[in-house]
DNA sequence: TAGATTGTTAATCGATTAACAATC
DNA sequence: TAGATTGTTAATCGATTAACAATC
């Protein structure tokens, strides 16, 4: 399995985000202190693994007592970069992905969408009320990245345009790419890249349904 | 890592979907025959792993020669259940998720959306031209599942409603659930479940960006 | 036949789990 | 102090990779 440059498993990072959401829920439920076993119940993740994941970053709990919910949540947020805001330019799929923005937590709190650009002319000029942004032509990509000082580019165009849009984003100066298309894109070594392949994940469901005996649950 | 009920790793299934997309591309590019190393180049996956994944389901290639692209693609499609159409009811997030439908391959070819239901009153009655469907109140959930004989339910509501919507879908008779919320939902053992946690995957990007040295690429 | 690549087995590597010492 | 749970180490488990025999 892949690791981050600092030797911490990628899966640890994705789970940290899951713990964060669980802790937020706990806080809303008025829980001040929690045990690893409590987080395990909410997330379906083995308490031992939870403690292991946390231990990569330090000791956040108290032996014999547990974790202070708010304290742990804030630390995980710090680790995940949630306390820094990253200006984000979205390319393509104007309306869809982005109304997503109204639904809390589909994007991490650190993503602030500052421009939406689309290759499809029909969408140009469309106003997105939730974002307070108007969809612009793809020609504006570079100027938008520069003017708005965007650090993240979301690639959500048709697969055949994924690589060229990625290149444009990198040239314009983003340092991270989230690729929602189903093709692999290549970026320089100093650019962070996350591939999100929804179709591939949903195929698990299709696979399970076509088997005589539907399979057990899967957690991603 | 989790496995399907038949002992095949979940990750093998998600990769199969990735191979399928690569093969489709190859076919469009006019390639008749390919090697595991070719698929590897397109997907970034080790050829050895590709052959291993395929071997769970049989021998689809010819030693010394390679694979017939179309033949292999059709077989993978068969394995993944792409040749069966599953009627799908989407709950919540009306407009967003679903315009997604116009973007090929964000949903596997076996998902046919037959109804869209939303808990948000403001969206009721909105017509979705790409789907030819009108967003309905959540009260219609059960009747829609039954009337349209839906087998898949997509849960894309606010987290606090995720479990109750899931329950309603199961009671109404779906056999598979795709959960796009960031909370864990529970289903009976005979119901297939896939959790899609976009926020958790994107947090990898946030994590990488906040480190002094941005990390290497990640593939999901 | 010689060259090549699959399918499969064995070796490696890494991630998860269990167990427990440390300690609140 | 006794009871409890963390943080960490050791054991297990599973997934990936490398190597190669089979064979087109």
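The values are calculated or read from the model by the stated rules, or taken from the named source; none is laboratory data. Since we're looking at a predicted model, the values are computed, not measured. Here Cβ is always computed from backbone atoms with ideal geometry, including for glycine, and neighbour counts include all displayed protein chains.
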- Message: So for segment B:25-33 (the condition being surrounded by fewer than 19 Cβ atoms within 10 Å (Cβ to Cβ), at pLDDT below 95 and not in a helix (DSSP H, G or I)), does at least one residue qualify?
- Response: no
- Task: Would you point out which residue out of A:166, A:181 is more than 21 Å from residue A:146 (Cβ to Cβ) and more than 7 Å from chain B (Cβ to nearest Cβ)?
- Result: A:181
- If you check A:134, A:181, A:194, A:166, which single one turns out to be surrounded by fewer than 21 Cβ atoms within 10 Å (Cβ to Cβ) and in contact with a strand residue (DSSP E or B) (Cβ under 9 Å, 6 or more places away or on another chain)? A:134
- Before we move on, is residue B:138 modelled with pLDDT under 95 and within 21 Å of residue B:188 (Cβ to Cβ)? no
- Message: Tell me yes or no: at least one residue of segment A:66-83 is free of Cβ contacts under 8 Å to residues at least 40 places away in the same chain, within 19 Å of residue B:211 (Cα to Cα) and in contact with a helix residue (DSSP H, G or I) (Cβ under 8 Å, 6 or more places away or on another chain).
- Response: yes
- Query: Here are some conditions: (1) at pLDDT 95 or above; (2) surrounded by 21 or more Cβ atoms within 10 Å (Cβ to Cβ); (3) more than 10 Å from chain B (Cβ to nearest Cβ). Residue A:176 meets all but one. Which one does it not meet?
  - Reply: (3)
- Task: Looking only at segment B:48-71, count how many residues are farther than 11 Å from residue B:35 by Cβ, within 14 Å of chain A (Cβ to nearest Cβ) and either buried (at least 17 other Cβ atoms within 10 Å of the Cβ) or near DNA strand C (Cβ under 6 Å from one of its atoms) (or both).
- Result: 1
- Which of the residues belonging to segment A:48-61 are more than 6 Å from DNA strand D (Cβ to nearest atom) and modelled with pLDDT of 95 or more? A:49, A:50, A:53, A:56, A:57
- Scanning for something modelled with pLDDT of 90 or more and more than 9 Å from DNA strand C (Cβ to nearest atom), does segment B:92-105 turn up at least one residue? no
- Item | Evaluation of residue A:21 against (1) within 14 Å of DNA strand C (Cβ to nearest atom); (2) touching a residue at least 60 places away in the same chain (Cβ under 8 Å) (one fails), failing number | (1)
- Just one of the numbered conditions (1) closer than 25 Å to residue B:39 by Cβ; (2) without any contact (Cβ under 8 Å) to a residue 60 or more places away in the chain is not true of residue A:145; which one? (1)
- Item | Residues being near DNA strand C (Cβ under 10 Å from one of its atoms) and in a helix (DSSP H, G or I) - total across segment B:34-47 | 6
- Residues in segment B:1-39 that are within 12 Å of DNA strand D (Cβ to nearest atom) and away from chain A (no Cβ under 11 Å) total 3
